[in-house]
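S.K.: Got a structure here, written out as structure tokens. Questions coming.
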Amino acid sequence: MTTFEDATELGFAVKGFLARPPIDALLDPSLPEDVLKQRLEMSLHHLEKLDAVTEPEATAIRDYIRHGKLPAPPSGPALLTVGSTLITVVLFLHAVGPGSLFGGMLQGLDHVVDATLDGRLHGGNDAAVTCAAIATTQVLQGLKSVVVEVDTFAVTGLKSGLKSALGLKS
């Protein structure tokens, strides 16, 4: 159960993250790729040592940073974790390609990893997940164009599921 002190700590961590100036790839020069990769790896190491990501999650993300090897999609009962959020960001940004206002996939991932580490250091695991989710939203809002393929069967299934959940008849 969350205490008032925990909620206050989480609120301050999120407020601190949101007070940072937003990244603007058009105005802010990006770091060289090798420096950015080192920074990402150091941040992942910190997150791993703080128990915010598991060793397999950190290794999967590192393999992408170093070798371009995509991680497996997250699965299991606990899908809203720091590790699953970061892996989902990697997979989505890789699928989108270079169409990000953040200057590219590594810059977008760096923004999310940095926010996650900031949240973890200032407010624990709940703040890490919250800041990761906020940063992910910021990165996704910076996308120039995303082509989404919508499967007709999925839309029909979604409509059917919503109708039955709301008790509506077809």
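S.K.: If you roll a 1.4 Å probe over the range 40-85 with all protein chains in place, what percent of the accessible area is carbon or sulfur?
M.R.: Values: 1540 of 2600 Å².
Accessible surface attributable to carbon and sulfur in the range 40-85 totals 59 percent.
S.K.: Could you tell me the calculated FRET efficiency between E33 and D6, based on Cβ-Cβ distance and R0 = 45 angstrom, to the nearest 0.05?
M.R.: 0.70
S.K.: Additional query: I'd like the FRET efficiency for A95 and T54, computed as 1/(1 + (r/R0)^6) with the beta carbon distance as r and R0 of 22 Å, rounded to 0.05.
M.R.: 0.40
S.K.: Here's something else I'd like to know. Between L121 and H46, what is 0.36 nm times their sequence separation minus the Cα-Cα distance? Round to one decimal in nm.
M.R.: Values: separation 75, 0.36 × 75 = 27.00 nm, distance 0.97 nm.
This chain segment gains 26.0 nm when fully extended.
The values are calculated or read from the model by the stated rules, or taken from the named source; none is laboratory data. Source: prediction; values computed, not measured. Reconstructed Cβ throughout: ideal geometry from the backbone, glycine too, with neighbour counts over all protein chains shown. For accessibility, only protein heavy atoms count, side chains too; no ligands or nucleic acids. Shrake-Rupley method; radii C 1.70, N 1.55, O 1.52, S 1.80 Å.
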